Every structure is written in structure tokens, then in C-alpha cells.
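First up is the structure itself, then whatever we jot down about it.
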Amino acid sequence: MKTITELVVLFFLFSGEVFSQAGRITGLVSDAKTGEPLIGVNVVINELKSVGASTNESGRFRIVAPVGSYSLKASLLGYKAVVKTDIIVTTGGETHVVMKMMETPLELGQVTVTPDYFDKAAIENTMSTVVLGAEEVRRSPGSDQDFQRILQAMAGVSFSTDQTNELLVRGGAPDENLTVLDHMEIHSTNHYPNQYNSGGPINMINVDLIQDVQFSTGGFISKYGDKSSSVMSITTREGTRENLISGSANLSMAGYGAVLEGRINGSAGSWLVSARKSYVDLIAGSFGLTAIPKYYDLQSKAVYDLSRLHKLSFSGIYGNDLINIQGEPNAVNLSLAGKNDTVDVYNVDVRQHQYTAGLTLESKWSDRFVSIVTVSRNNYHDGTFVTSDFTERHFGSTGKVNAVNILYSRDIYRQSADNGETSVNSEFIWNLDKNNEMNFGGAVKFIDFKSLESVDADTARYDLNGDGDFDATITVPASRIDYNFPFPEQHKAYSYVNDKVRIFGERLVLNVGVRYDYMSYSGNGDFSPRFSASYSVVPERVALNLSLGKFFQTPALPYFGDRFQTEVNRYLESAEADHYVIGVEYLPAPGLKVDVEGYYKKYTRLPVSETFVHFFDRTFRSERTLNIGRQDVYGLDLLVQQKLVKDIYGTLAFSRMETRYYDPRIGMEGKTFPSDYDFPYVVTAIFGKRFAGLRSTLNEMPFYLKYPSYILPFSDDMEISFRYRYATGKPYTPQVFVTSEQHREGASKWSSGWWAATDNINSARYPDYQRFDLAFSSRFNFEAWNLVMFLSVQNVLNRKNVAFYQYNSDGTVETVYQFAILPVVGMEVEF
């Protein structure tokens with residue numbers, strides 16, 4: 001009872017006059033082409049009358065406003081107006097906004113120029129691109145403030161399971177996505193990544209540090225490459241240039257963290273630091289968890305204006321991950337009641353850490369020429385250790401294991417790898433005139449890759465003719481695989497040029513470019529021509545878009561090695577993907593956009609194991625990888641985006657896709673099967689509603705409504721949202737338990753059989769996926785600080801979505817499910 005009374009008193013305090021507090025909106029407005037600051041731009045808050053400011057000679061502005069959620073409109077004669085939504089003003093806090101504006105062609109005449117709600121002035125690619133701000137990431141239901149999980153809701157994007165934020169873009173694999181953080185190309189921004197996947201279960205980037213995320217699902221310009229499917233460019237914000245120090249702290253069921261920031265040398269620069277740590281290990285017992293992830297991350301950014309024309313910035317991120325998965329020998333099997341059996345119990349221990357750090361110098365040499373030079377270093381360390389305990393189990397009369405005895409333990413797999421790159425890249429932007437922008441540059445990446453793998457021996461015997469006698473026994477001996485590309489012996493390099501031309505009064509925008517990629521180890525190089533066009537059929541309303549080009553991707557470095565270090569894979573070629581995209585963009589109302597795109601992707605030179613080619617010869621083994629894989633992907637995407645206008649926002653995404661992988665196996669020539677990433681239908685719907693002034697309204701109601709409402713965390717700035725997602729089940733290859741193949745277990749006995757893949761690759765599918773998520777947040781503003789409370793419930797209906805089937809060595813099959821209903825409660829304190 002005392003606790004309830006304290007809560008009531010606490011929420012009485014929360015209900016104070018919200019608009020008695022105020023905060024600041026600061027920002028920078030620049031020309032989208034030249035990067036020059038714009039003077040005299042009129043920046044106003046749409047929701048408040050006569051509240052705004054004009055930019056000074058540095059293109060900066062400062063607005064003092066009551067706490068709340070707003071949208072900003074920037075306007076200047078000769079430029080297209082820009083609207084930024086989701087501007088949150090907090091007590092005594094500073095919200096920094098960056099806005100880019102495009103000149104308005106005089107030829108538009110009497111056409112009404114509508115404001116730009118979708119950051120089109122900042123987008124490099126003319127199609128297949130979305131831009132997300134920090135608040136859009138923060139509020140999205142089911143995303144855990146992870147921007148990659150939000151991007152999974154975009155058209156053309158699929159994913160394998162709830163356990164990862166991987167992006168499967170238009171039939172592509174999870175390693176086909178380029179990640180750029182503050183001009184630095186990096187492998188991943190996630191905890192627990194691997195060589196073949198840029199995704200992971202948890203993102204390292206703190207949403208509080210995000211300025212914007214640009215995501216392109218295809219047809220990107222020649223500036224980007226060495227990836228076949230998508231580009232994700234993350235720009236982090238600058239720290240405050242007004243306060244000596246300010247910050248925030250957050251706490252949730254997953255972990256805790258803090259952000260600190262402040263100015264440097266008056267207002268000449270700023271610094272920003274974020275630190276977060278999980279504490280799932282402290283509460284794991286309450287949830288019955290046995291595989292406990294432990295992780296922490298650090299992120300920082302510092303910016304300093306060397307002069308009005310030159311800016312130096314530092315950006316860095318670090319993550320450290322640990323997880324230990326202990327195999328579980330316990331089971332219930334009535335058929336084994338009162339008996340004993342032996343099984344292999346596997347244990348996995350993963351220890352990883354990664355970092356990226358770089359310096360960037362941005363220089364404006366004239367009003368037409370800009371250079372951006374970045375020197376960076378990134379490294380990803382992976383320590384993975386797999387052991388096996390050959391265990392004797394004693395089953396009781398009820399069929400439950402009541403005692404276990406480890407007979408033999410051995411190392412199955414051990415890896416210690418460091419994958420690093422030291423890069424120098426440069427970008428030059430030359431505005432030949434107001435309708436012609438030349439973008440060119442290049443980079444050299446010095447490879448530093450060291451990997452030591454130890455693989456245990458594997459012995460198998462086969463009954464080839466089915467007569468009960470084993471005709472062949474094959475032993476693959478234990479081996480030690482040592483990869484070593486010492487710095488600076490091997491490198492990657494690329495150069496590119498892209499010409500962006502606007503003609504017919506800017507109604508037609510063309511991007512024409514070419515790129516060259518080279519890898520010294522294989523000696524292979526590839527040219528990638530690119531072309532895109534966007535034609536405004538109805539100015540400010542309807543545009544037709546077209547894109548086509550070649551995209552090459554270097555295989556992951558482990559592909560170049562082999563178990564016996566014979567360099568049999570040294571000359572592997574890059575995989576090739578040809579993109580053809582056509583689409584229509586429609587802007588029917590302020591903040592509302594409809595995109596429809598059709599695409600065709602043609603893959604060639606995909607890496608294929610020679611062992612798979614000889615699939616029907618069960619005794620064939622090879623370390624060779626061949627560039628013979630081919631795949632076609634066809635699809636249609638629909639994306640409807642509603643920015644936050646009049647307190648409502650939402651997204652509707654629909655994707656129809658088909659993949660055809662040409663069967664490379666001997667004897668299956670001319671046949672195809674679905675790829676591992678074939679999801680014919682994917683639908684995602686997001687809807688959200690903000691409630692402004694609810695607490696004040698309740699305070700004016702009769703006491704029998706007013707006082708009970710204090711039990712709930714109602715404030716004057718609340719939001720409720722939901723997300724629904726449907727996807728066709730993922731394809732898989734059926735397995736069959738055969739007794740004609742047996743493997744050595746525990747160095748003492750043969751297995752009773754083995755799970756073998758059937759001939760029909762990906763001929764079956766898991767059940768269709770469905771999930772419904774809810775999210776609620778409430779912001780309370782006090783005299784000198786703010787409190788944000790949030791609740792997120794994932795998989796509200798507790799649907800059992802299948803992750804995969806686990807095939808056990810005793811011939812049984814278990815179903816492994818994705819996330820069950822998962823509530824997450826947390827709070828953030830801003831000061």
C-alpha cells in the first residue's frame with residue numbers, strides 16, 4: 001500500500017505545468033550542392049505562432065521554445081522549403097538539427113512548390129532510398145531502438161529470425177550490405193557479428209547519437225561498391241556547442257548507459273561520448289536463461305572548426321562481446337525409460353571485440369569545390385571455441401534423465417581471428433555549374449588478416465550399396481588452418497566518378513558513373529558502370545525513376561583459404577550482380593509518399609563449394625571453391641511512408657519476390673531451386689499516434705477521473721504505436737536420418753546414423769511468420785531535467801514462429817522457436 005501511495009505522489013509531481021519549462025533548438029542550414037552555409041533562412045516551428053529565427057552568417061540558428069514535439073520549416077527565396085519532423089524540445093536541453101536545401105528552378109513558373117519532408121536534398125541516390133532520423137528509430141515498435149530492425153520493415157527487406165537484425169535485401173545474402181559510419185566503411189555496427197553476416201542480435205550504435213540513416217536497397221551510385229545489394233550510411237550528430245557539459249542516462253531490462261557532451265573552445269567545436277553495458281547476466285536466473293550474452297560498447301565523436309572552410313572530426317566506436325552456450329544433456333524420452341544412452345553434448349564459447357576509429361577533414365576550397373579525406377582503422381576479433389562432451393545419460397522410470405557421466409571431451413573447433421583494415425579514402429565534389437555536379441574519389445584499404453583455426457578429425461563410413469556392410473571409410477584428419485595477410489602486403493583499392501546532371505529545368509536528373517575495384521591477393525579487378533534517371537512527370541507530385549548497373553563483391557577473406565593451405569582458392573573472382581530497377585514516386589499530401597518499384601537482379605560468379613557440385617557422390621571431399629553460382633531475383637516493392645504530421649505517422653510495406661538459383665550439381669543441369677533468402681510475400685504495417693496535452697486535460701476533469709489517472713504514467717507528451725509483420729516461411733532443405741552413413745562419436749563408437757540432406761534443395765518451408773508489437777512512451781518535463789518512460793511488448797499475441805528444426809544425433813527432431821512474448825520496460829533521464 002505504501003508503494004502505491006508513493007507512486008500517486010510521484011505522478012502528482014509529474015503533472016506540473018509542462019509549458020513552464022523551455023529548451024533550445026539549434027541547427028545548421030546549408031546548400032545541398034555546395035555545402036555552403038545559407039544566410040537569412042527563415043526557420044519556424046509549425047505548431048507555434050511567431051516562434052522561429054533566421055540563420056546567421058555561419059548558417060546557424062537558435063530557437064527557444066516550450067518543451068514538446070514539433071516540426072521545423074526552413075524557407076529561403078530561390079530554395080525549396082524543407083520540413084524536419086520529430087523535433088523534441090526538453091527542459092534546458094538542446095536539440096541540434098541539420099537541414100540541407102536545394103535551389104528551386106525558375107522554370108517551375110506557377111507550380112506550387114511543396115516542402116521537402118523526406119530529405120531529398122540530402123539523398124545521393126535518386127531511388128530505392130529511405131532516410132530515418134533518431135526519433136523515428138527511437139519510437140518504432142518492436143525495434144529495441146535498433147535502426148537495422150526498423151530497416152527490416154522497409155519494402156524489399158526480409159530477415160531470417162527475430163534473434164538477428166540482419167538485412168536480406170531483395171533476395172541478397174546478409175553479407176551483401178555495405179555499412180558506412182561517418183565516411184568510414186566498416187564490416188558491421190553490431191555486437192556478435194561474423195565474417196559472413198553484417199547483422200547481429202544487438203546494435204552498438206546508440207540511437208541518441210544518430211543524426212540520420214540513409215538506406216538504399218539497390219541502384220546506388222558508383223561512389224559505393226564491393227557489395228551486391230544495399231548501402232547503409234549512418235551519420236552521427238555533433239555534441240552541443242552551447243553547454244559546457246550536458247547528458248542523459250538510461251536504464252532498461254537489457255542494460256544501462258549514459259551520454260555526455262559539451263563544447264570545445266567556446267563554440268569552435270564539440271565532443272560527445274556514449275557508454276552502455278548489459279546486465280542480463282545479473283537477472284538471467286529470473287528468466288531461466290542459460291546462454292547469457294554479456295556486452296558493452298563505447299562511442300564517441302569530436303568536431304573542431306579549424307576555420308570557416310575547414311572542419312576536422314574524429315569518430316570512433318568499440319564493442320566487446322561474450323557469450324557461453326552450454327549444451328543441455330537433460331531430456332525426457334519415454335522410450336528410454338530405465339535405460340542408458342550416449343550423446344555428444346556441444347558447448348560454444350564466443351569472445352569478440354571490434355573497433356573503428358577515424359579522422360575526417362572536410363574542406364571547402366571554393367563555392368564549387370569540396371574535399372572530404374578520411375583516414376581510419378577498423379578491426380574485428382573473433383574467438384570461437386566449440387567443445388564436445390561425449391556423455392552417458394541414465395534415464396529414470398519416467399523417461400527423464402536423472403544422472404549424466406561425461407566419458408570423453410574433445411575440442412571440435414577453435415578459431416582466433418583478427419580482421420583489420422587501415423584505410424585512406426577521399427571524396428571530391430565539384431559543382432561545374434548549378435546543374436552539373438561531379439563526384440569522384442577513391443580509397444586504398446590495407447588488409448591485416450590473421451586467423452588460426454583448429455578443426456578436429458572427422459571419420460565417416462558408408463554403406464554404398466545398402467547391403468548392411470560398410471564399403472568405404474573416409475577420414476578427414478585434424479588440421480590447423482593458418483591465414484596470414486600481414487600489413488601492408490595485401491590491399492584493396494577502388495576509384496570512381498559520378499556525374500549528376502539536371503536538365504529540362506531540373507525535371508530530369510541523371511546519374512552516370514563508373515567504378516573500378518581491385519584486390520591485390522587475387523589480382524582481380526572489375527569495372528562497374530552505373531546509370532540512373534529520375535523524371536518529374538508532374539512537378540512536385542509524380543516522378544518516374546530508372547536505374548541499372550553492375551555491382552561486384554569480393555568474397556569474404558576466409559573463402560580464399562583452404563584446410564590444407566594449398567592456395568587452391570587464391571584466384572577467386574568477385575561475385576557479380578546486375579541491377580535493373582524501374583519505379584514511380586507519388587507525393588499525394590504533405591509528408592506522405594508512395595513508392596512502387598519493380599526490379600530484376602542477375603547474379604553470376606557466386607562462390608560454390610566443389611563438394612556441393614559433387615553432391616551425389618557422398619564420399620567426395622574438396623577444399624576448392626568455384627565461381628559458378630548463378631541466381632535470378634525478380635520482385636515488386638510498395639512503400640507508403642507518412643511522416644509525423646498532425647500527430648500521426650506510419651509505414652506500409654509490401655514485397656513480392658521470387659528467386660531462382662541455378663542448380664550447379666552434376667546431374668541437375670538446367671534445374672533451379674529457391675535461394676536460402678527467398679521470401680515470396682512480406683508485409684509490414686506500422687502506425688503511431690502522439691497525444692499532446694493529455695495530462696493537462698485530465699487535470700481539468702472531475703476528481704473521480706483526475707485522481708485515478710495518476711496511477712498510469714500519463715503525461716503531456718505521450719505516444720502509442722504498433723507494428724504488424726507477415727512473411728512467407730523461409731525455405732529449407734528436408735533432412736532424412738540414414739543408417740547407411742555413420743560418424744565416429746566420442747572416439748569410441750559409431751553413431752547409429754546421420755542426418756543427410758535430401759536431393760530437393762530448399763523444397764520445404766517453415767510455417768509462415770506473423771508478429772504483432774506494441775510500444776508506449778511518456779515524457780515528463782521538470783525544472784532542470786526530464787524523464788522518459790517506455791514500454792515495448794514484442795510478439796503480443798505470443799505466436800510460436802519457428803526459427804529452425806534441430807536434428808539430433810539420435811534421430812530425433814526438435815523445433816526451435818523465435819522470440820515469445822517479450823515485454824521491455826525502461827526509462828531515460830535527461831539533464
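The values are calculated or read from the model by the stated rules, or taken from the named source; none is laboratory data. It should be emphasised that the depicted structure is a prediction, and the values quoted were computed from it without experimental measurement. Cβ: placed from backbone, ideal geometry, glycine included. Neighbour counts: every protein chain shown. Accessible surface areas use protein heavy atoms only, side chains included; no ligands, DNA or RNA. Shrake-Rupley method; radii C 1.70, N 1.55, O 1.52, S 1.80 Å.
Filtered by the rule that a residue be open to solvent by less than 40 Å² (accessible area, probe 1.4 Å) and modelled with pLDDT under 95, segment 603-642 gives a lone residue, Ser622. Scanning segment 26-43 for residues that are open to solvent by less than 10 Å² (accessible area, probe 1.4 Å) and either at pLDDT below 90 or over 33 Å from the mean Cα position of the chain (by Cα) (or both) gives a single hit, Val41. Scan segment 707-742 for residues that are under 39 Å from the mean Cα position of the chain (by Cα) and part of a strand (DSSP E or B) and the total you get is 16. Residues that are open to solvent by 20 Å² or more (accessible area, probe 1.4 Å), touching a strand residue (DSSP E or B) at 6+ places or on another chain (Cβ under 7 Å) and among the polar types (S, T, N, Q) within segment 555-584 comprise just one, Gln565. Scanning segment 733-758 for residues that are without any contact (Cβ under 8 Å) to a residue 60 or more places away in the chain and not small (Gly, Ala, Ser), we see that the one that is most open to solvent (accessible area, probe 1.4 Å) is Val736.
Consider Ile503 carefully, then state whether it is of a type outside the set (Phe, Trp, Tyr), open to solvent by less than 40 Å² (accessible area, probe 1.4 Å) and either under 30 Å from Pro193 (Cα atoms) or touching a residue at least 60 places away in the same chain (Cβ under 8 Å) (or both). No, not satisfied.
Screening segment 189-207 for residues that are buried (at least 23 other Cβ atoms within 10 Å of the Cβ) and within 19 Å of Gly218 (Cα to Cα) and picking the one that is modelled with the lowest pLDDT gives Ser198. Filtered by the rule that a residue be open to solvent by less than 20 Å² (accessible area, probe 1.4 Å) and more than 18 Å from Phe118 (Cβ to Cβ), segment 528-546 gives Ser528, Arg530, Ala533. Of all the residues in segment 44-60, those that are farther than 18 Å from Glu103 by Cβ, within 33 Å of the chain's Cα centre (by Cα) and open to solvent by less than 50 Å² (accessible area, probe 1.4 Å) number 1. Go through segment 61-78 and count every residue that is open to solvent by 50 Å² or more (accessible area, probe 1.4 Å) and more than 28 Å from Val137 (Cα to Cα). Qualifying residue count for the region: 1.
May I ask you to say which residue of Phe654, Phe687 is assigned to a strand (DSSP E or B), open to solvent by 60 Å² or more (accessible area, probe 1.4 Å), in contact with a Phe, Trp or Tyr (Cβ under 7 Å, 6 or more places away or on another chain) and modelled with pLDDT of 95 or more?
Phe687
Of all the numbered requirements in (1) under 21 Å from the mean Cα position of the chain (by Cα); (2) of a type outside the set (Val, Ile, Thr); (3) within 26 Å of Ala775 (Cα to Cα), Tyr649 misses one, and that requirement is (1). Applying a threshold of 6 Å to beta carbon distances and a minimum spacing of six or more residues, or different chains, the list of pairs starting in segment 251-265 at a residue that is crowded, with 16+ Cβ neighbours inside 10 Å and ending at one that is modelled with pLDDT under 90 and of a type in the set (Phe, Trp, Tyr) reads Gly255/Tyr279. Looking only at residues in segment 96-124 that are open to solvent by 30 Å² or more (accessible area, probe 1.4 Å) and among the β-branched types (Val, Ile, Thr), the one that is modelled with the lowest pLDDT is Val111. Applying a threshold of 6 Å to beta carbon distances and a minimum spacing of six or more residues, or different chains, the list of pairs starting in segment 213-236 at a residue that is more than 16 Å from Phe531 (Cα to Cα) and open to solvent by 10 Å² or more (accessible area, probe 1.4 Å) and ending at one that is assigned to a strand (DSSP E or B) and of a type in the set (Ser, Thr, Tyr) reads Gln214/Ser233.
One residue alone among Ile317, Ile323 is at pLDDT 95 or above, part of a strand (DSSP E or B) and touching an Asp or Glu at 6+ places or on another chain (Cβ under 9 Å), and that residue is Ile317. Checking the stated criteria, Lys730 turns out not to satisfy the condition of being more than 28 Å from Val613 (Cβ to Cβ) and open to solvent by less than 60 Å² (accessible area, probe 1.4 Å).
Does Ala457 satisfy the criteria of being modelled with pLDDT under 85, within 29 Å of Gln415 (Cβ to Cβ) and open to solvent by 60 Å² or more (accessible area, probe 1.4 Å)? Spelling it out, it is not the case that Ala457 is modelled with pLDDT under 85, within 29 Å of Gln415 (Cβ to Cβ) and open to solvent by 60 Å² or more (accessible area, probe 1.4 Å). For Asn419, the conditions (1) modelled with pLDDT of 90 or more; (2) open to solvent by less than 20 Å² (accessible area, probe 1.4 Å); (3) in contact with a Leu (Cβ under 7 Å, 6 or more places away or on another chain); (4) not charged (D, E, K, R) all hold with the exception of (2). Would you confirm, using the coordinates I've provided, whether Thr611 is among the β-branched types (Val, Ile, Thr) and over 19 Å from Asp175 (Cβ atoms)? Yes: the conditions hold for Thr611.
Trp365 fulfils the conditions (1) within 30 Å of Asp482 (Cα to Cα); (2) open to solvent by 40 Å² or more (accessible area, probe 1.4 Å); (3) touching a residue at least 40 places away in the same chain (Cβ under 8 Å) except for a single criterion, (1). Kindly indicate whether any position in segment 339-361 is more than 30 Å from Leu298 (Cα to Cα), open to solvent by less than 40 Å² (accessible area, probe 1.4 Å), touching an Asp or Glu at 6+ places or on another chain (Cβ under 9 Å) and charged (D, E, K, R). The answer is yes, given that some residue of segment 339-361 is more than 30 Å from Leu298 (Cα to Cα), open to solvent by less than 40 Å² (accessible area, probe 1.4 Å), touching an Asp or Glu at 6+ places or on another chain (Cβ under 9 Å) and charged (D, E, K, R). Residues in segment 312-338 that are β-branched (Val, Ile, Thr) and either open to solvent by 60 Å² or more (accessible area, probe 1.4 Å) or in contact with a Cys (Cβ under 6 Å, 6 or more places away or on another chain) (or both): Ile325, Val332.
Here is the figure for segment 467-500: residues that are open to solvent by less than 50 Å² (accessible area, probe 1.4 Å), touching a Gly at 6+ places or on another chain (Cβ under 9 Å) and aromatic (Phe, Trp, Tyr) total 3. Contact map, segment 611-624: residues that are over 13 Å from Asp759 (Cβ atoms) and without any contact (Cβ under 8 Å) to a residue 40 or more places away in the chain paired with residues that are β-branched (Val, Ile, Thr) and open to solvent by less than 50 Å² (accessible area, probe 1.4 Å), Cβ distance under 8 Å, separation 6+ or inter-chain. Pairs shown: Phe620/Thr611; Ser622/Thr611.
Sort through Ser675, Ser655 and tell me the only one that's under 29 Å from Ser609 (Cβ atoms) and polar (S, T, N, Q).
Ser675 is the lone residue from the list that is under 29 Å from Ser609 (Cβ atoms) and polar (S, T, N, Q).
Within segment 695-706, is there a residue that is in a strand (DSSP E or B) and not aliphatic (A, V, I, L, M)? Taking every residue of segment 695-706 in turn, none turns out to be in a strand (DSSP E or B) and not aliphatic (A, V, I, L, M). Of the residues making up segment 127-160, those that are modelled with pLDDT of 90 or more, polar (S, T, N, Q) and either under 18 Å from Tyr192 (Cα atoms) or not in a loop (DSSP other than H, G, I, E, B) (or both) are Thr129, Gln148, Ser158.
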